[in-house]
Structure formats: C-alpha cells, structure tokens
Amino acid sequence: MKIAVGSDEKNYLTDALVQELEGRGHELLLIGPLAGTGDAWPAVGEAVGEAVGSGRSALGIVCCYTGTGVSIAANKVTGVRAALCGDAQTAAGARRWNDANVLALSLRTTTPDLLREILDAWFGTDCPASERVYVEQIRAIEEARNQSVRSLHL
Ligand SMILES: O=C[C@H](O)[C@H](O)[C@H](O)COP(=O)(O)O
C-alpha cells in the first residue's frame, strides 16, 4: 500500500516507524524532516493530508511531539479523516467507526512496542458497511461547508 509518512522531527521512533512500514511491504512517500526538509508541523500535516486527499497515497501517518498539531493540519484537507491514536484500541476504533485515513502519533508518548501494537490494529481493522453511513455524514458536512465557502467567493 502507498503511505505518506511525515513528521516534524526525525528520531528513533520515526526511524522505527519507517522500518516497520517497509518491513510490512508498504511503499512510502516521506515528507518533511523524514525527507530531509525542515518543515514544521503545520506544513507536514497539510502535505500528508494533501497526498491522501488527492489519492496519491491510500493512507497517511503523521507525527509530532504531541501528535495534535499534525492531526489538526491534516484534517484541514478535504477528504482527510485524521485520528490521533495513543493505543491499539483507539486505532482499531478509528478505522472501524471513522474509516480514518490518516494515523496521527505522538512522538512523546508512543514507544516502539506501542507503535507496533497501534500499527497491527490500524492495518488489521476495516470500516464495515454498517458504519459507512456515518462516514458519509462526515463527507456531506464537509461538502456542504466547502460549497458555502465556494459560494462566498462567487
Ligand atoms: O502540535 C505541535 C507539535 O507537538 C510540535 O511537535 C511541537 O509544537 C514542537 O514543535 P517545535 O519543534 O517547534 O518545538
């Protein structure tokens, strides 16, 4: 699977993340300091969101110290449902109930073991048809709000 991965900092956890994802056979699009650029969390979150929202990547993973900034930035992009996950159960829930397409991680609290548990849950869980109605409601809210912004600019 093609996955966009960005962080505002490259450290042991992002190294473990890249290694883990490559080991699982994913093709990575690295963004920000992981690709050698000095972007801060707003630009990193937006760029990963853009890769997912445009369909260039099937999923995204964003990291920053808290995980909050990159998730907020990614969620500004149409079509993105970014979820900050600090444990496996939350990651499974974000996939199952929210069809989350961007996983946000905290570099402060995520240990390498926890990272593997979160990734197992994230990749091992899909959104069943029965839950898609809610994702559709999110899509409708997003579309209506984009529409009203567009009409303001006409
Ligand atoms: O939400 C923001 C993130 O947690 C950042 O990683 C945090 O603000 C640290 O940013 P800086 O590297 O600018 O100190």
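With R₀ set to 30 Å, the beta-carbon distance separating ARG116 from THR37 gives a calculated FRET efficiency near 0.65. Think of each Lys and Arg Cβ as +1 and each Asp and Glu Cβ as -1; about the Cα centre, that makes the dipole of the chain roughly 400 debye. Over the chain, Cα pairs under 8 Å with separation of 6+ residues give a relative contact order of 20 percent.
The ellipsoid equivalent to the alpha-carbon distribution of region 45-104 has semi-axes of 17, 14, 8 angstrom, derived from the gyration tensor eigenvalues as √(5λ) and listed largest first.
For region 98-154, chymotrypsin sites (Phe, Trp or Tyr not before Pro) are listed when DSSP marks them as loop and at most 14 other Cβ atoms sit within 10 Å of their Cβ; the list is empty.
Counting 0.36 nm for each residue step from SER151 to GLU131 and taking away their Cα separation leaves a gain of 4.1 nm.
The trypsin sites (Lys or Arg not before Pro) of region 8-73 that DSSP puts in a loop, and whose beta carbon has at most 15 other beta carbons within 10 Å, are ARG24, ARG56.
Please report the carbon-and-sulfur percent of the accessible area for the chain; probe 1.4 Å, protein heavy atoms only, DNA, RNA and ligands left out. In the chain, the share of accessible area belonging to carbon and sulfur is 53 percent.
If the viscosity is 1.306 mPa s and the temperature 10 °C, what translational diffusion coefficient in µm²/s does Stokes-Einstein give for the chain when Rh comes from Kirkwood over Cα pairs? Stokes-Einstein gives a translational diffusion coefficient of 102 µm²/s. So what's the net charge close to ALA40: Lys and Arg +1, Asp and Glu -1, counting the other residues with Cβ under 12 Å from its Cβ? Residues near ALA40 contribute -4 overall. Annotation: per residue accessible area for the chain equals 52 Å², rounded to a whole number [probe 1.4 Å, protein chains only]. Of the GluC sites (Glu not before Pro) found in region 17-97, none is in coil by DSSP with at most 14 other Cβ atoms within 10 Å of its Cβ. If you model region 87-154 as an ellipsoid using its alpha carbon gyration tensor, with each semi-axis the square root of five times an eigenvalue, the axes come out at 31, 17, 6 Å, biggest first. Length, then width, then depth: along the principal axes, the Cα atoms of region 1-92 run 30, 30, 26 Å. When the charge dipole of the chain is built from unit charges on Cβ atoms (+1 for Lys and Arg, -1 for Asp and Glu) and taken about the Cα centre, the candidate among SER148, GLY23, THR110 whose Cα reaches farthest toward its positive end is SER148. Backbone geometry of region 63-69 corresponds, through the Karplus equation with coefficients 6.51, -1.76 and 1.60 at θ = phi - 60°, to 3J(HN,Hα) couplings of 9, 8, 3, 8, x, 7, x Hz, x marking Gly and Pro. The sum of -39500 (n - 2.57) across all DSSP H runs of n ≥ 4, divided by the residue count of the chain, sets its helix-only mean residue ellipticity at 222 nm to -15500 deg cm²/dmol.
The values are calculated or read from the model by the stated rules, or taken from the named source; none is laboratory data. Small disclaimer: the values here were computed from a predicted structure and weren't measured. As a convention, Cβ positions derive from the backbone with ideal geometry for all residues, glycine included, and neighbour counts pool all protein chains shown. These area figures cover heavy atoms from the full protein model, side chains too; ligands, DNA and RNA do not enter into them. Shrake-Rupley method; radii C 1.70, N 1.55, O 1.52, S 1.80 Å.
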